[in-house]
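The values are calculated or read from the model by the stated rules, or taken from the named source; none is laboratory data. Remember, it's a predicted structure, so these values are computed and weren't measured experimentally. FYI the Cβ positions are ideal-geometry reconstructions off the backbone, even for glycines, and counts take in every protein chain you see.
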Amino acid sequence: RTLSIIKPDAVAKNVIGGVTAKLEGAGLRILASKMVRLTEAQAKAFYAVHAERGFYNDLVKFMTEGPVVVQVLEGENAVAANRAIMGATNPEKADAGTIRKEFATNIERNAVHGSDAAETAKEEIAFFFSTAELAALAR
Ligand code: ADP
Ligand code: MG
């Protein structure tokens with residue numbers, strides 16, 4: 001399992017469906033999904049690992065500017081499969097056919113978030129979804 005976020009730029013561009021089709025096309029299954037508007041406190045906490053980076057304040061502002069779609073994805077090697085279909089952080093460096101190549105604007109407004117390892121995936125899923133919520137959605 002891994003956590004995906006369709007960021008405010010992609011939601012504003014009306015490509016929730018386009019992004020999700022890429023995820024599903026990569027063999028990932030949407031286990032849970034909801035649209036939320038992050039508070040400043042939530043965005044700061046979610047990206048706390050980047051607190052010392054120069055782009056942190058702008059990133060928090062961007063992630064709170066509009067609604068996002070948070071999704072739990074499931075599949076074989078879900079973390080790596082999601083990172084592969086996302087493409088590079090900087091869309092100029094992203095491979096053809098990836099979400100960021102197709103839908104991102106720039107290195108900040110880059111359409112999607114994806115967990116970077118199994119352990120962070122666990123933490124990030126728990127950040128947005130309770131165990132009971134996920135259990136109720138199990139198929
Ligand atoms: P990724 O989302 O690919 O895992 P990082 O974890 O390094 O990338 O960065 C988190 C997010 O911070 C990026 O997705 C992007 O929105 C933003 N970001 C990263 N690097 C920069 C940068 N140099 N300038 C502006 N924003 C950045
Ligand atoms: Mg990251």
_So F55, is it surrounded by fewer than 13 Cβ atoms within 10 Å (Cβ to Cβ), modelled with pLDDT of 95 or more and either farther than 18 Å from G18 by Cβ or not hydrophobic (A, V, I, L, M, F, W, C) (or both)_ = yes
*Determine whether region 47-69 contains at least one residue that is away from ligand 2 (no atom under 15 Å from the Cβ), among the charged types (D, E, K, R) and under 28 Å from A135 (Cα atoms).*
no
*Only one residue in E133, E108, E102 is closer than 22 Å to A21 by Cβ, touching a residue at least 12 places away in the same chain (Cβ under 8 Å) and either within 16 Å of ligand 1 (Cβ to nearest atom) or not polar (S, T, N, Q) (or both), so which one is that?*
E102
*asked:* Looking at T20, T98 in this structure, which one is of a type in the set (V, I, T), under 12 Å from the mean Cα position of the chain (by Cα) and either over 27 Å from A135 (Cβ atoms) or at pLDDT 95 or above (or both)?
replied: T20
*Would you confirm whether any residue within region 68-79 is in contact with a helix residue (DSSP H, G or I) (Cβ under 8 Å, 6 or more places away or on another chain) and free of Cβ contacts under 8 Å to residues at least 60 places away in the same chain?*
yes
*A118 versus (1) more than 14 Å from the chain's Cα centre (by Cα); (2) more than 15 Å from ligand 2 (Cβ to nearest atom): which is the lone unmet condition?*
(2)
*Can you name the condition, by its number, that F103 falls short on among (1) closer than 22 Å to E40 by Cα; (2) crowded, with 16+ Cβ neighbours inside 10 Å; (3) of a type in the set (A, V, I, L, M, F, W, C)?*
(1)
